[in-house]
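The values are calculated or read from the model by the stated rules, or taken from the named source; none is laboratory data. Keep in mind the model is a prediction, meaning the values are calculated, not measured. Positions of Cβ are generated from backbone atoms using ideal geometry, with glycine treated the same way; all protein chains shown enter the neighbour counts.
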Amino acid sequence: MARRMAVAKPRVRGVRIGNLASVSEARGRLVAVQVGMPLPFVPQRCFVIMDVPGKGIRGEHAHIKLKQFLVCLKGRVTVLVDDGRLREEIVLRDPAQGLYVPPLVWAAQYNYSADAVLIVFASAKYDPRDYIRDYREFRRRVKR
């Protein structure tokens, strides 16, 4: 069973929360994502996930080398992270907080609110050979 938490300190190996610079004023809110901390890589790709149907699940894979940083810009989404030993559910709901997911961590996103907008920053361009889509294969690789 996964441990469910709001944004706090994850226990899954290598996964961490990154706080983004955020400024709120009368003209609105600005959130900045900068390379360094909390983004520990230079993004080579980014994509946006939105309009996910009520019971929709995204992700459900791990990467061999790719690193990701997920930010819920609007709404709420639950992210399951699993390193083969521990699994946790982390709820993202603040655009000033992101979730770093290192290589060889299984991740799935679900429980999207109707208005959810998730942006994902990736450390490399799309390469289908970097994906581990079978959970048994993932478990086999991380037990080495």
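Just the residues that are at pLDDT 95 or above, part of a loop (DSSP other than H, G, I, E, B), touching a strand residue (DSSP E or B) at 6+ places or on another chain (Cβ under 6 Å) and not aliphatic (A, V, I, L, M), please, taken from segment 20-59.
P43
If you check G59, G98, which single one turns out to be under 11 Å from the mean Cα position of the chain (by Cα), over 25 Å from R139 (Cβ atoms) and not aliphatic (A, V, I, L, M)?
Working: G59 fails: over 25 Å from R139 (Cβ atoms).
From the options G59, G98, the qualifying one is G98.
One line per residue, one yes/no per condition, for (1) outside any strand (DSSP E or B); (2) crowded, with 20+ Cβ neighbours inside 10 Å:
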position	(1), (2)
L80	no, yes
P95	yes, no
L104	yes, no
S113	yes, no
I119	no, no
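Which one of these is among the charged types (D, E, K, R) and under 16 Å from V48 (Cα atoms): D115, D134, D130?
Numbers: D134 fails: under 16 Å from V48 (Cα atoms); D130 fails: under 16 Å from V48 (Cα atoms).
It is D115.
Suppose the filter is among the aliphatic types (A, V, I, L, M) and modelled with pLDDT of 95 or more; does A62 pass it? Give the derivation first.
Numbers: among the aliphatic types (A, V, I, L, M): yes; modelled with pLDDT of 95 or more: yes.
Criteria met by A62.
For P43, are the conditions met, namely being more than 21 Å from K9 (Cα to Cα), without any contact (Cβ under 8 Å) to a residue 12 or more places away in the chain and not aromatic (F, W, Y)? Even if it seems obvious, please write down each step before you answer.
Working: more than 21 Å from K9 (Cα to Cα): yes; without any contact (Cβ under 8 Å) to a residue 12 or more places away in the chain: no; not aromatic (F, W, Y): yes.
So P43 fails the test.
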